[in-house]
1. Are there any pairs, at least 6 apart or on different chains, whose C-beta atoms fall under 8 Å, with the first in the stretch 35-46 and at pLDDT below 95 and the second in a loop (DSSP other than H, G, I, E, B), and if so, which?
2. Across the stretch 37-49, what is the number of residues that are surrounded by 12 or more Cβ atoms within 10 Å (Cβ to Cβ) and outside any strand (DSSP E or B)?
3. Report yes if A12 is surrounded by 12 or more Cβ atoms within 10 Å (Cβ to Cβ), at pLDDT below 95, in a helix (DSSP H, G or I) and under 14 Å from the mean Cα position of the chain (by Cα), otherwise no.
4. Return the residue satisfying two criteria in turn: it lies in the stretch 88-101 and is among the aliphatic types (A, V, I, L, M) and farther than 25 Å from E59 by Cα, and of such residues it is surrounded by the fewest Cβ atoms within 10 Å (Cβ to Cβ).
5. Residues in the stretch 71-78: is at least one on the phi > 0 side of the Ramachandran plot, in contact with a Ser or Thr (Cβ under 6 Å, 6 or more places away or on another chain) and not basic (K, R)?
6. For the stretch 15-34, give me each residue that is surrounded by 15 or more Cβ atoms within 10 Å (Cβ to Cβ) and either at pLDDT 95 or above or not hydroxyl-bearing (S, T, Y) (or both).
7. Test D104 against the stated conditions and say whether it is buried (at least 19 other Cβ atoms within 10 Å of the Cβ), in contact with a Ser or Thr (Cβ under 8 Å, 6 or more places away or on another chain) and at pLDDT 95 or above.
8. Would you point out the residue of the stretch 77-87, among those that are modelled with pLDDT of 95 or more and surrounded by fewer than 22 Cβ atoms within 10 Å (Cβ to Cβ), that is farthest from C31 (Cα to Cα)?
Amino acid sequence: MDEQDGQACDLASKRCGPCNKETPPLDAGRCGELHVLVPEWEMGQGRITREFRFRDFKEAMAFANRVGDVAEGEGHHPDIFVNRWRYVHLTLTTHAIGGLSENDFIVAAKIDRLP
């Protein structure tokens, strides 16, 4: 395991913390550092997104439900869009601060670990 994999594991082992409208969004430098740990996610416009493809609708829905379990456990919820019967598109942003927080990257890392 290289250093980046170890850091990604550390990110996935973290817990989401509270944010409120006084919490500043992450600056571009910190976003870049965290984005390296979840490289499959696209970053832009104060959010990170990723699309997953499955064999069929049933698999896509099962995955969406597992994402929901992760999100509920962290108290940080992505927008989940099931599209074209076998694609799940996820968007993470911290609405309370109008941009990205470490919570978005934590949840992305946890989602990346789902089977």
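The values are calculated or read from the model by the stated rules, or taken from the named source; none is laboratory data. Small disclaimer: the values here were computed from a predicted structure and weren't measured. Every residue, glycine among them, receives a Cβ derived from its backbone with ideal geometry; neighbour counts consider all protein chains shown.
1. Filtered contacts from the stretch 35-46: no entries.
2. Number of matching residues: 4.
3. no
4. So, considering only residues that are among the aliphatic types (A, V, I, L, M) and farther than 25 Å from E59 by Cα, the one surrounded by the fewest Cβ atoms within 10 Å (Cβ to Cβ) is A96.
5. Looking through the stretch 71-78, none of the residues is on the phi > 0 side of the Ramachandran plot, in contact with a Ser or Thr (Cβ under 6 Å, 6 or more places away or on another chain) and not basic (K, R).
6. Within the stretch 15-34, C16, C19, P25, L26, C31, L34 meet the criteria.
7. When the stated conditions are applied, D104 passes them.
8. Among them, the one singled out is R86.
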